[in-house]
Every structure is written in C-alpha cells, then in structure tokens.
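Here's the structure we're looking at; comments come further down.
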Amino acid sequence: MKGIAILLTDNESINEHIILKSFKTLRKCKLKKIYFIGDKNLFKKIYHKYTNYQKFLFININLKENNYTNYLKEITKISIKLFSQKKIKYIINMPLDKKKFLKEKYLGFTEFFSKALDNKKNENMLIFNEKFSVCPLTTHIEIKKVDKKINKTKLIRTIKNLKWFYKFIIRKKIKIIVLGLNPHASKDLTIKNKDKTIISKVVQSLQGKIDIEGPVSADTAFHKVNNKVFIGMYHDQVLIPFKIKNKFNGANITIGKKIIRLSPDHGTGKELIKKPNFINNQSFLSCIKFCENF
C-alpha cells in the first residue's frame, strides 16, 4: 500500500495535538509510508516523536520571514512532487487560519490546492462520510452572491466529479440529491429562478443515466440519508445537517483533480490548545481510515 503526505500547516492550532494524539493509530495503520512536510522547528514534538520510526519521514521546509503563504506553497509543491514520483497516493493537509495563510486570495484550501496543482477551476469540496456525504456547489462566499454563482456548467461538472469519485475511488453506487436554492425548492414560486431554469433542467436531462433527484427542498431532504450524496447550493445548507448527524466523523476532500486531497473537518481550534482533554481527533482518523480503505 502506498504512502501519504501530511502537510503541517498552522502551528498556532491544535494540529500538533491531533497528530500526537493519533500516534498509536498511525504506527499500526496499513499505510506503508507517512511523510510529514513542514517546519521541524514549528512542529518539534512531531519531529522528535515520529522520526525514530522507519515508517515516518519528516521533510523539513523552513518558514521564512513569517511568509505563511509561501510556506504553504512550498509544502504543497513537495507533496505534489511525491505524488508524481508515485511515492504517495493521497495528501492530507491539516486545518489552517485562512486569513494568515491565504491572504483572502483564495476562498479556501480547496481552491488553493486546485490552483497549485493545475490551475484548472474544476474542483469540488466534498465532505465525506461512508454513510452519506455532502457537496456545496459554492463554498465560502456570502449568501447574497450565491445565486449568481449557480450555473449549468458548474452543476454538471459537480455531478460528473461525484459520479467519477464514487465509481472509481469508493467503488459504490450512490444516489445524488440536488437541493433547491429557495425554500421548498421554489414549488410555491411562479417567477423564474435558478431552481426552475438551471437545477430542474439539469436533473431532468440526467435522469435515466444516473441515479439523481432534484431540486429537493432542503428542509426535508435529510430525513433518510444512507447511500446518498447531497449537492447543496451553498456552504451551510449542507454542512449544518452533515455535522449534526456525523459530528466529527467526516473528512473534507477535494475531488475533480488527479490527486485526492483530504483534510480533517474541523478548524484550527485555537481555543482548545490549553484544554487538551476537549480535543477530538476523530476527523483526522477518518482521513487516515479513508487512505487505508480506498
């Protein structure tokens, strides 16, 4: 089994606590090699604890002049090179402070990774769980901007990305549920809107070719969720029900690219650094489990 790369991003977070807490699991997991990529001076405990074992390799990239954006580019570039050399199968990046690392040039790491990899805007963010998953059509944008970002090309590309991911990576049949943008998926509205002009027409054109349904009203869509993936029109429309039902058991995955990129589905958790008993590593372990199983 191939290895993975773990990008050590934000040192002012719970990232190091998460990885140290997962030491026994990482030692025993089926992955052949685990590369840690980051600054050994910022992540001293990881460097000293893991480098005593042949299974782990620490690639040191120094943070220079507190330029976190360049640091992120460098460690990401190294991970992509490891993939091209066929040394790893997946990349896991630890959560980061977007203002500090991305400088508002990117909506999130999903978009940053897509640009670093091939500069093609064909990526999707999938929040994955083996029971059910969610995929927001738009990611970290204001609600007032969502309607303008919904178009036929984006929706069809998202559906194709999901179809490919489940067919060739997960190897499982899945039903795609496309949520409506407006309350009750606009069934009570007579005016033209994206539910009627885009979502409904795209879904109708694909029915019979794939297992798909929509637009579905978001307020009742999550009653039965098993073996379904839900495409939402905006971030919180699908992330809220996912986190309520799955809690920490989920992984943030970039799909649509030649490399599958994962991240634990939690933030930097700075407020928990001095409360280690409250730090939960389940989402990180979900990423490791995914890398083992698929």
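A few points about this structure:
- The number of residues in segment 23-42 being within 19 Å of LEU285 (Cβ to Cβ) and surrounded by 17 or more Cβ atoms within 10 Å (Cβ to Cβ) comes to 6.
- Filter pass, GLU74 being assigned by TED's automatic domain parsing to the domain that holds VAL225 and acidic (Asp, Glu): no
- Qualifying residue in segment 31-40 (condition: farther than 23 Å from ASN277 by Cβ, free of Cβ contacts under 8 Å to residues at least 40 places away in the same chain and among the aromatic types (Phe, Trp, Tyr)): yes
- Matching helices (runs of 4 or more DSSP H) fully within segment 184-294 where at least 3 residues are not assigned by TED's automatic domain parsing to the domain that holds GLU16: 200-206, 235-246
- So TYR53, is it assigned to a loop (DSSP other than H, G, I, E, B) and either modelled with pLDDT under 95 or of a type in the set (Ser, Thr, Tyr) (or both): yes
- Residue in segment 232-255 that is at pLDDT 90 or above and among the acidic types (Asp, Glu) present: yes
- Qualifying positions in segment 134-153 - polar (S, T, N, Q) and under 21 Å from the mean Cα position of the chain (by Cα): THR138, THR139
- Scanning segment 31-60 for residues that are closer than 18 Å to THR76 by Cβ and among the hydroxyl-bearing types (Ser, Thr, Tyr) returns a single hit, TYR35.
- Some residue of segment 202-221 being in contact with an Asp or Glu (Cβ under 7 Å, 6 or more places away or on another chain) and more than 23 Å from PHE168 (Cβ to Cβ): yes
- Yes/no for ARG157 being modelled with pLDDT of 95 or more, within 24 Å of the chain's Cα centre (by Cα) and on the phi > 0 side of the Ramachandran plot: no
The values are calculated or read from the model by the stated rules, or taken from the named source; none is laboratory data. Just so it is clear, the model here is predicted, and its values are computed rather than measured. All Cβ positions, even for glycine, are placed from backbone atoms using ideal geometry, and neighbour counts span all protein chains on display.
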